Structures are given as C-alpha cells and as structure tokens.
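Participant: Could you have a look at this structure, given as structure tokens, before my questions?
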Amino acid sequence: MPRLSIVCTSALGALLGALAGGSLVIGVTSGLKRVLGVVTGQPAWALIVVPLVGLALSVLVLYGLGLSGAEPSRPRCWARAWRTFRPGVDRADLTADVVDFAGEEERFPWRLAPIHALAIVATVGLGGPLGTEKPAAYLGEAVGAAIGDRGRWWRRLLRPAAVGGGAAGVSALMGLPLVGPAYVLELGHNHGAPLSAERLTAGLVGGVVGWLMNVLLRVDLFRLVVPKEPPHSFSQAAMAAVLIGSLAGVVTAVTKEAIHRAKKSQAKPIVRLALGGLVLGTDAVILAFLAAPSAAVGAGGGAIDWVENNPHVAAMTVLGVALLRAVATTSAVAAGGCGGLFVPFLAVGDLTGRVFAPGLGVPGDLAGAAGAASGIAGGYGLPFTAVVVVLSQGGPHLATLTCLAAVAVAAFAGSGVAIALERLLVAGQAFVQKRVQQP
C-alpha cells in the first residue's frame, strides 16, 4: 500500500505538472518558431547579424536584469528572487538547474524561469545555433516545481510535478511519448538522481500527456529525419554503422568537451560575448559561402535542408558544414547564448552521417538518421535516449538495426574521446607546471 500511494501521488503530481508544463512549452515553442520563420526570410546579411543581436540581448537580460547572490528571504525583497542567480553559476546554462536539482526538485529555482524565457527567446528565436529541447525540459520542470511550491500538502506533489512537466515539455516538442521521459530520467540519473518508482511514474505520465497534447493540438514543432529505405545488405549496414557511429560520436564528443570548457570560462560576460560573437559571425559567413545562408541559422535544420536539396554535394563539403555547425554551437554557448544542445547535436550527427552516404551507397536519410542518433549517444552522452529516438521514429527493420548499431559504436567512441581528452589535458597541465618549476 505505501508503494501504491507513492505511485498514485506521483501520477497525480505528474499529471498536473504535465498539463501546465506542456501547455507552456507548446505556447513558447510555437512563438519561437514563428519568430524564427520571420528571421529566416530575411536577406543573407540579416541571417548573419540577427543571431549576434540575439546573443547580445540574451547577455543583457541575464547579466543586466539578473543579480548574483543568495536568494533573499525578507518580504520586502521578494521581487529580487525572480532575478537572483546563485553565485558563480553560468546564468545561461539551463542544464545546470535541471541536473543540479535532479532528485531535489524542491530546491529548483523556478522563479528564474521568466528571465530565462526572455534569454531563450532572444537566443533561439533570433536564430542562434542552439535548440529548444533544453528550454522545453527546463520550462516544464520550472512550472511543475512552481505548482508544488504552494504549501505543505502541495509539496508532496512537487517532485513528480517537476519531473512530469519536464518530460511533457520534451515529448510535446518532439511528438514522441517516450523520448521526454527517457531524456529527463537519463539526464538526471547520469548525475546521481535515483531511478525510483516515483520518478519513473512521473516521467512516463508526463511523456504520455505531452505527446497527447502534441497530437490533439496538431502542433508541428520538430521534425526527425526518418529512414525510408534500408541498407542493401547486412555487410553494408555493418559498415555504415561503424563508420557513421565512429565519426558522429567523435565529432560530437569533441564538441561537447569544447562546450564544457567554454561554460567554465571565468572571463567577464562582455569579453565572452565579444570573442564568441566574433567566432560565430565569422563561422556564419563561411557557412553562407560554403553552403547557404540558411545553413548558418537556427539549430541546424537549415543545414539539413540544404544537404537534402543538394544530394550531389561533395562529401568533404558536407563534413566541413558539419564541423562549422559544431563550431557555431560552441561559440554561441561561449558567448552566453541560452538554449539546448540536443537538437544541434542531432543536426551535427546527421550531417556527419551523410558524409558516408555516397561512398557506401546508403540512402541519405538513413545515413542522416544514424548520424543524428549517434550524435545524441556520443556527444550528449544519452545512449538510452538515442535508442528510444531510433525505436520511436520507425522505418524499415534493417534501417532501425543499423541506427541502433551506430548508437552503440558512437557511445563507445564518445567515451573514448572523453577519456583521451581528459588524459591529454592532465598531461598538458603537468608539462606546463614542470616547465614553470624549472629554474
């Protein structure tokens, strides 16, 4: 009976959080899509300049309106709680709040959601190379935590409402019922949150509710590349899985490490904005000449549309676009942009997968789908979520097996890259320290 009571309470909290979180995410993301649609219809020069303006506005919101320090408890200072960040945190890092308070959602700083929402609109809405999945999880979890933070009885619902809201936000965005729970639960579990019956129930309820809202409201917020044609043989499938999984896993894993270093930068926000903006602007100009101006805007959908509409582009050109997209996302994070990495990693993985399509003779959509899933497994470090994405998107059975094999290879390659880079960094620091100590 106690376990049944926990499950029922969790389901109720998740239902409330999912309804509120899913509604907010659908509304915000629909608005972002409309704004981004206006931006992408502008001249080429605007596609390069407007995302830089969005980054500047994001930094202005987070560091101009935002404050640093412990949250005030005095009634006369209640307004400061809505813009006061913890000391020393990267204010644009949505992942930090979702991860740091996983399993302790009662401490989630949900009052910062409005100021973060403004930064998200500035970054993602104006064409920054970041995604909407982390904003969806963050805003959904914030709404759930706010619902539960209403009093003693309501606090029993806080944790499941937050988890359910986050899962609903991602599932409503992607239109897949199990991707939201997999994303939220695996991300939290990787950082120490227990995979309990309470969290599992909340995640599943939230994911199903978010998916139903997507279906009933007929929203179109996100498009996955679904393979339509299988490989011609098992040997071709095996070769594709090994090559695509390896390259996508390595490229996205290196990108992840670069982003991690960028987030830890101690430089002043204005310095980060100037340097990151300079790199991003230069990167966008190169992308516009190498591919198309639309390839430089947004989380990567424009680059995928470009390669789909130009199937005979040289493989090295596609690889160059993939690497430039990785640099764009890294520089946007370094500059202070506020958004997600899941969708950009999908795009980078998709592009790297298509590098091998002509040489191996596999369909471009299959190579793209395998690469996209590999990007999530190798770069984002969420192999279980990548498996759920592959199984949920459908396609021919052999194509699905190819994508699953690519995910396994990418997860292994990504882990290897992380270990190798860490050892290289430690060795480099030891060498520098030794040189400094020498007379």
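Participant: Does the range 383-401 contain any residue that is buried (at least 24 other Cβ atoms within 10 Å of the Cβ), in contact with a Ser or Thr (Cβ under 7 Å, 6 or more places away or on another chain) and under 23 Å from G175 (Cα atoms)?
Facilitator: Going through the range 383-401, the residues buried (at least 24 other Cβ atoms within 10 Å of the Cβ) turn out to be 385-386, 389-390, 399.
Then drop every residue that is not in contact with a Ser or Thr (Cβ under 7 Å, 6 or more places away or on another chain), which leaves 390.
Then drop every residue that is not under 23 Å from G175 (Cα atoms), which leaves 390.
The answer is yes, given that some residue of the range 383-401 is buried (at least 24 other Cβ atoms within 10 Å of the Cβ), in contact with a Ser or Thr (Cβ under 7 Å, 6 or more places away or on another chain) and under 23 Å from G175 (Cα atoms).
Participant: Moving to a separate point now. Residues A241, A284, A267, A274: which one is under 27 Å from A406 (Cβ atoms) and either out of contact with any Phe, Trp or Tyr (no Cβ under 9 Å at 6 or more places or on another chain) or surrounded by 15 or more Cβ atoms within 10 Å (Cβ to Cβ) (or both)?
Facilitator: A241
Participant: On to the next question. Check every one of the helices (runs of 4 or more DSSP H) wholly within the range 19-126 and list those with 3 or more residues that are at pLDDT below 85 and not basic (K, R).
Facilitator: Helices (runs of 4 or more DSSP H) meeting the threshold: 94-100.
Participant: So, one more: If only one of A193, A145, A167, A172 is over 18 Å from the mean Cα position of the chain (by Cα) and buried (at least 24 other Cβ atoms within 10 Å of the Cβ), which one is it? First the steps, then the outcome.
Facilitator: Working: A193 fails: buried (at least 24 other Cβ atoms within 10 Å of the Cβ); A167 fails: over 18 Å from the mean Cα position of the chain (by Cα); A172 fails: over 18 Å from the mean Cα position of the chain (by Cα).
When all the criteria are applied, what remains is A145.
Participant: OK, next. Restricting attention to the range 246-259, does a residue exist that is touching a residue at least 24 places away in the same chain (Cβ under 8 Å) and over 20 Å from the mean Cα position of the chain (by Cα)?
Facilitator: Yes; the residues of the range 246-259 include at least one that is touching a residue at least 24 places away in the same chain (Cβ under 8 Å) and over 20 Å from the mean Cα position of the chain (by Cα).
Participant: Only one residue in L176, L158, L195 is out of contact with any Ser or Thr (no Cβ under 9 Å at 6 or more places or on another chain), farther than 13 Å from E105 by Cβ and among the hydrophobic types (A, V, I, L, M, F, W, C). Which one?
Facilitator: The unique qualifying residue is L195.
Participant: Looking only at the range 361-391, count every residue that is aromatic (F, W, Y) and outside any helix (DSSP H, G or I) and tell me the total.
Facilitator: Here the count works out to 1.
Participant: Would you kindly identify the helices (runs of 4 or more DSSP H) lying entirely within the range 290-356 that contain at least 1 residues that are of a type in the set (S, T, Y) and more than 20 Å from V53 (Cβ to Cβ)?
Facilitator: Output list reads 315-335, 342-354.
Participant: So, V318, is that one over 27 Å from G125 (Cβ atoms), of a type in the set (A, V, I, L, M, F, W, C) and modelled with pLDDT of 90 or more or not?
Facilitator: In short, yes.
The values are calculated or read from the model by the stated rules, or taken from the named source; none is laboratory data. Here the structure is a predicted model, which means the values were calculated and not measured. Reconstructed Cβ throughout: ideal geometry from the backbone, glycine too, with neighbour counts over all protein chains shown.
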